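Handing you this structure, nothing more for now.
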Amino acid sequence: MKLFFCGAVKTALEHNSWPGEIAWGTVGALRDRVLAGERPGVIIVSDAALDQLADHGLLVPGTRLSMGDTATGLAIRDGARRRPIGTSEELRVALLTCESIAWADGRSGATAGKHFEAVVAQLGIMAELLPKATLVRFGVEAVAACSRGEVELAVSQSTEIVGRPGVSLLGPFPAPFALSTGYSAAIVEDSAAARGVMARLATPTTRAALDAIGFTNP
């Protein structure tokens with residue numbers, strides 16, 4: 001059985017033993033694989049992506065389970081100078097003055113990466129950021145690069161930042177650039193094994209692991 005799990009839940013779920021092969025990916029990439037005909041037992045992606053799959057009749061009705069909400073934000077390397085990002089101008093200054101930054105290429109389907117590129121476009125600073133940017137496929141890869149000291153800042157969902165060694169959450173994006181994204185699980189290909197995975201996702205142990213990395217409003 002295949003399991004399609006997006007990066008937002010990786011820190012909470014990656015160390016558990018799951019009955020099946022996990023394909024970690026961006027929301028957009030995993031959604032598109034299902035739309036193209038792949039049938040994992042269980043998928044965890046954003047609520048918006050699950051809505052699209054449900055509209056195509058690709059989810060088993062009545063199996064949807066909320067993982068919670070998470071905010072898009074910035075990770076900062078341990079030891080780097082912390083900058084305020086509580087306003088749009090503070091965010092703009094922090095981005096312009098950082099030595100380096102990584103994010104997931106929006107073309108990969110990464111929720112945080114696509115949003116960040118839209119924010120940078122609105123701020124009008126893409127030309128200044130690109131020379132010091134590292135673009136990766138997944139937000140977790142950007143955070144990992146930050147934790148290794150390869151970049152000063154990284155963009156990702158807060159649940160991909162909290163609890164990672166070598167980094168901390170500098171903060172979520174301020175208004176009007178704030179983005180809170182809901183994530184949920186559902187069965188695509190029904191089986192006893194898929195039902196078992198959903199049952200484990202609903203346990204207090206899993207809920208505690210999700211809460212520990214910053215998921216809210218399950």
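The values are calculated or read from the model by the stated rules, or taken from the named source; none is laboratory data. What you see is a predicted model; the values in this text were computed from it and never measured. Note: ideal-geometry Cβ built from the backbone for every residue, glycine included; neighbour counts use all protein chains shown.
Any idea which of Arg83, Arg77 is in contact with a helix residue (DSSP H, G or I) (Cβ under 8 Å, 6 or more places away or on another chain) and at pLDDT 95 or above? Outline the logic, then answer.
Numbers: Arg83 fails: at pLDDT 95 or above.
Exactly one residue qualifies, and that residue is Arg77.
Looking only at residues in region 118-141 that are within 15 Å of the chain's Cα centre (by Cα) and buried (at least 19 other Cβ atoms within 10 Å of the Cβ), which one is farthest from Ser156 (Cα to Cα)?
My answer is Val136.
Moving on. Do the conditions hold for Gly106, that is, is it over 26 Å from Ala212 (Cα atoms) and either surrounded by 18 or more Cβ atoms within 10 Å (Cβ to Cβ) or basic (Lys, Arg) (or both)?
Against the criterion (over 26 Å from Ala212 (Cα atoms) and either surrounded by 18 or more Cβ atoms within 10 Å (Cβ to Cβ) or basic (Lys, Arg) (or both)), Gly106 qualifies.
Of all residues in region 200-214, which are more than 13 Å from His15 (Cβ to Cβ), assigned to a helix (DSSP H, G or I), without any contact (Cβ under 8 Å) to a residue 60 or more places away in the chain and not basic (Lys, Arg)?
Within region 200-214, Pro204, Ala208 meet the criteria.
Please enumerate the residues belonging to region 157-174 that are closer than 19 Å to Glu14 by Cα and part of a loop (DSSP other than H, G, I, E, B). Break it down into steps so the answer makes sense when it comes.
Restricting attention to region 157-174, the residues satisfying the condition of being closer than 19 Å to Glu14 by Cα are 157-167.
Residues satisfying the conditions are Ile161, Val162, Gly163, Arg164, Pro165, Gly166.
Among the residues of region 60-99, write down those that are part of a loop (DSSP other than H, G, I, E, B), of a type in the set (Lys, Arg) and surrounded by 14 or more Cβ atoms within 10 Å (Cβ to Cβ).
Selection gives Arg64, Arg83.
Among the listed residues Ala185, Ala144, Ala202, which satisfies the condition of being at pLDDT 95 or above, out of contact with any strand residue (DSSP E or B) (no Cβ under 7 Å at 6 or more places or on another chain) and hydrophobic (A, V, I, L, M, F, W, C)? I'd like the intermediate steps shown before the answer.
Values: Ala185 fails: out of contact with any strand residue (DSSP E or B) (no Cβ under 7 Å at 6 or more places or on another chain); Ala202 fails: out of contact with any strand residue (DSSP E or B) (no Cβ under 7 Å at 6 or more places or on another chain).
Going through Ala185, Ala144, Ala202 in turn, just one is at pLDDT 95 or above, out of contact with any strand residue (DSSP E or B) (no Cβ under 7 Å at 6 or more places or on another chain) and hydrophobic (A, V, I, L, M, F, W, C): Ala144.
Does Thr111 meet the test of being modelled with pLDDT of 95 or more and hydroxyl-bearing (Ser, Thr, Tyr)? Give the steps one after another, and end with the answer.
Details: modelled with pLDDT of 95 or more: no; hydroxyl-bearing (Ser, Thr, Tyr): yes.
No: the conditions fail for Thr111.
For residues in region 200-218 being farther than 22 Å from Val60 by Cβ and among the hydroxyl-bearing types (Ser, Thr, Tyr), which is surrounded by the fewest Cβ atoms within 10 Å (Cβ to Cβ)?
Out of the qualifying residues, it is Thr205.
Something else: Under the condition of being assigned to a loop (DSSP other than H, G, I, E, B) and more than 17 Å from the chain's Cα centre (by Cα), which residue from region 175-199 is surrounded by the most Cβ atoms within 10 Å (Cβ to Cβ)? Steps first, please.
Restricting attention to region 175-199, the residues satisfying the condition of being assigned to a loop (DSSP other than H, G, I, E, B) are 175-179, 188-191.
Checking the rest, the ones that are also more than 17 Å from the chain's Cα centre (by Cα) come to 175-176, 188-191.
Values: Ala175: 9, Pro176: 8, Val188: 20, Glu189: 17, Asp190: 13, Ser191: 14.
The residue in question is Val188.
Anything in region 1-17 that is within 20 Å of the chain's Cα centre (by Cα) and either in a loop (DSSP other than H, G, I, E, B) or surrounded by fewer than 16 Cβ atoms within 10 Å (Cβ to Cβ) (or both)? List them, or say none.
Glu14, His15, Asn16
Is at least one residue of region 119-135 within 19 Å of Ala71 (Cβ to Cβ) and of a type in the set (Gly, Ala, Ser)?
Scanning region 119-135 turns up no residue that is within 19 Å of Ala71 (Cβ to Cβ) and of a type in the set (Gly, Ala, Ser).
Only residues in region 40-59 that are over 19 Å from Ala193 (Cβ atoms) and in a strand (DSSP E or B) count as the first member; pair them with residues that are basic (Lys, Arg) and at pLDDT 95 or above, Cβ under 6 angstrom, at least 6 apart or cross-chain, and list the lot.
Correct list of pairs: Val45/Arg31.
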